[in-house]
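The values are calculated or read from the model by the stated rules, or taken from the named source; none is laboratory data. Small disclaimer: the values here were computed from a predicted structure and weren't measured. Cβ placement follows ideal geometry from the backbone for every residue including glycine, while neighbour counts extend to all protein chains displayed. For accessibility, only protein heavy atoms count, side chains too; no ligands or nucleic acids. Shrake-Rupley method; radii C 1.70, N 1.55, O 1.52, S 1.80 Å.
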Amino acid sequence: MASIKPSLAKGTRDFSPVEMDKRNHIYNTLKTIFRKFGYAEIQTPSFENLSTLTGKYGDEGDKLIFKILNSGDYLSKAPEDLLGSKNSTSLISHISEKALRYDLTVPFARYVVMHQNDIALPFKRFQIQPVWRADRPQRGRYREFYQCDVDVVGSASLLNEAEFILIYNEALVELGLKDFNIKLNNRKVLSGIAEVVGKPDLIVDMTVAIDKLDKIGLEGVNKELLERGFTQDDLEVLKPIIELSGSNEEKLSSMREVLSNSEIGMKGIAEIEEVFDYVRKFGRGDLLEKIVEVDITLARGLNYYTGCIFEVKTNEVQMGSIGGGGRYDDLTGMFGLKDLTGVGVSFGADRIFDVLEELNLFPTEGSARTKLLIVNFDSNLESYTLPMLYQIRQAGIAVELYPSAVKLKKQMSYADSKGIPFVLLVGEEEVESGQLSLKDMKTGEQQKVSIEELIEKIK
């Protein structure tokens with residue numbers, strides 16, 4: 001039988017031990033910070049009932065859901081006429097009842113509704129798990145990738161939004177980033193702008209066009225707005241809004257003038273100001289001057305968000321957003337639990353990985369990696385080192401004994417290839433004196449140490 005050449009499914013990746021060290025560095029940093037702010041981890045299954053996911057992401061999203069064929073003879077219960085028509089859309093409900101999760105948000109909504117009697121509100125959770133999308137794979141876009149979400153449901157307080165600003169700042173600083181912006185807008189402000197222009201029904205068209213300001217400039221935005229049903233007079237009203245500049249205070253002051261006749265618009269401005277007030281009360285007013293930026297053109301997830309909208313960008317590397325989120329007022333409504341407000345943000349772990357890699361910000365030694373290799377000279381000396389091996393591990397140090405007495409050069413190469421920083425040589429002389437030979441692989445220096453000194457040094 002011919003052997004099959006191994007290959008990966010398109011849009012997926014293997015992660016080496018080195019890459020896993022780096023990925024875990026990101027996840028562990030984030031988890032520590034989330035827990036510090038009172039968030040607890042949950043996990044949901046890799047696959048859900050297809051009915052749970054369908055209809056939640058729009059027509060395009062539905063097409064990208066990976067369906068799972070029913071076990072057994074999945075065609076046996078399919079209607080004959082559908083089998084003959086070769087129409088997969090109408091056939092799918094007969095042959096597939098499950099699907100891989102498309103995101104973490106819909107499973108979270110399902111979780112909250114199913115466990116509403118067990119959880120205390122407000123419910124603060126974080127979730128770091130893979131999701132799957134049947135997208136066309138390309139650079140930076142995969143069919144299997146990790147999402148990292150942190151949400152609180154059951155609380156309308158804007159204290160939550162302020163804390164997300166602190167969480168983003170603390171996490172990115174902890175990961176080593178020095179120059180980034182947390183952009184903030186409010187859906188109510190965008191509704192107010194559309195209202196003032198007299199085109200509330202065209203809010204989506206307006207924001208889709210304004211969102212492209214960075215890419216196509218004011219002229220391009222105006223051209224697109226005209227094509228989408230706005231008039232030259234509307235553009236005159238919109239111009240000072242689109243070209244808004246200055247400090248956050250100056251921007252909000254200008255917006256108050258423009259939106260003075262819009263109740264919803266003024267409410268949006270008041271919400272942004274309340275978030276800023278909380279940040280100042282935390283003693284972090286410096287963030288509002290250096291890091292947080294009011295950005296009226298920010299319009300992500302417009303059909304979804306109802307209040308504050310966040311987006312995070314790094315200025316150190318050419319990269320899209322590395323995080324974002326916002327306030328939503330009816331996340332669980334899709335499953336029959338109405339009027340439960342929530343707010344959440346996500347971290348783009350894969351993009352953050354690329355940023356840290358490019359800036360060389362990962363720790364040089366993986367936290368879980370072997371710190372010490374004990375050389376194996378022969379079976380007698382192996383027996384002598386085993387209690388020592390146990391003692392070092394009990395001290396919380398990752399250590400391994402080379403499993404066979406091969407040439408020293410081979411054992412040293414093994415330590416080198418794994419990036420093990422220290423090697424312990426225990427020969428006849430060391431057994432007699434009780435002084436062990438410890439070699440620093442980076443400097444090449446060798447010194448005599450007792451087992452206690454060894455543990456102290458490596459720890």
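Structural remarks
- Residue within segment 171-185 that is free of Cβ contacts under 8 Å to residues at least 24 places away in the same chain and either charged (D, E, K, R) or part of a helix (DSSP H, G or I) (or both) present: yes
- Residue within segment 216-225 that is among the β-branched types (Val, Ile, Thr) and open to solvent by 70 Å² or more (accessible area, probe 1.4 Å) present: yes
- The one condition from (1) open to solvent by less than 30 Å² (accessible area, probe 1.4 Å); (2) modelled with pLDDT under 90 that Ile182 does not meet is (2).
- Applying the criterion of at least 1 residues that are within 19 Å of Asn169 (Cβ to Cβ) and touching a Lys or Arg at 6+ places or on another chain (Cβ under 8 Å) to the helices (runs of 4 or more DSSP H) found wholly in segment 234-339 leaves 285-290.
- Residue within segment 337-352 that is under 26 Å from His115 (Cβ atoms), free of Cβ contacts under 8 Å to residues at least 60 places away in the same chain, open to solvent by 20 Å² or more (accessible area, probe 1.4 Å) and in contact with a strand residue (DSSP E or B) (Cβ under 7 Å, 6 or more places away or on another chain) present: no
- Residue under evaluation Gly366, criteria (1) in contact with a helix residue (DSSP H, G or I) (Cβ under 6 Å, 6 or more places away or on another chain); (2) modelled with pLDDT of 95 or more; (3) of a type outside the set (Lys, Arg); (4) outside any strand (DSSP E or B), criterion not met: (2)
- Restricting segment 8-67 to residues that are of a type in the set (Phe, Trp, Tyr) and under 20 Å from the mean Cα position of the chain (by Cα), the residue that is surrounded by the fewest Cβ atoms within 10 Å (Cβ to Cβ): Phe15
- Residues satisfying the stated conditions in segment 139-165, i.e. acidic (Asp, Glu) and assigned to a helix (DSSP H, G or I): Glu161, Glu163
- Residue check: Ile92 meets all listed conditions (1) assigned to a helix (DSSP H, G or I); (2) among the hydrophobic types (A, V, I, L, M, F, W, C); (3) modelled with pLDDT of 90 or more; (4) open to solvent by 40 Å² or more (accessible area, probe 1.4 Å) but one, namely (3).
- Among the residues making up segment 1-22, those that are touching a residue at least 40 places away in the same chain (Cβ under 8 Å) and in a loop (DSSP other than H, G, I, E, B) are Ala9, Lys10, Gly11, Thr12, Arg13.
- Selection within segment 96-110 - open to solvent by less than 50 Å² (accessible area, probe 1.4 Å), farther than 13 Å from Lys56 by Cβ and not in a loop (DSSP other than H, G, I, E, B): Leu100
- Screening Tyr168 against (1) outside any loop (DSSP other than H, G, I, E, B); (2) closer than 30 Å to Asp62 by Cα leaves a single unmet condition, (2).
- Any hit, segment 314-329, residues being closer than 27 Å to Ile241 by Cβ, among the polar types (S, T, N, Q) and crowded, with 22+ Cβ neighbours inside 10 Å: yes
- Taken as a whole, segment 196-211 holds no residue that is farther than 24 Å from Thr231 by Cβ, among the hydrophobic types (A, V, I, L, M, F, W, C) and in contact (Cβ under 8 Å) with a residue 40 or more places away in the chain.
- Extreme residue, nearest to Arg300 (Cα to Cα), among residues of segment 187-217 that are outside any helix (DSSP H, G or I) and modelled with pLDDT of 85 or more: Lys199
Each row is one residue, and each column tells you yes or no for (1) of a type in the set (S, T, N, Q); (2) under 17 Å from Gly325 (Cβ atoms); (3) in contact (Cβ under 8 Å) with a residue 60 or more places away in the chain.
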| residue | (1), (2), (3) |
| --- | --- |
| Ile65 | no, no, yes |
| Leu75 | no, no, no |
| Glu97 | no, no, no |
| Phe123 | no, yes, no |
| Val131 | no, yes, no |
| Glu161 | no, yes, yes |
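- Residue match in segment 153-175 (condition: buried (at least 22 other Cβ atoms within 10 Å of the Cβ) and at pLDDT below 95): no
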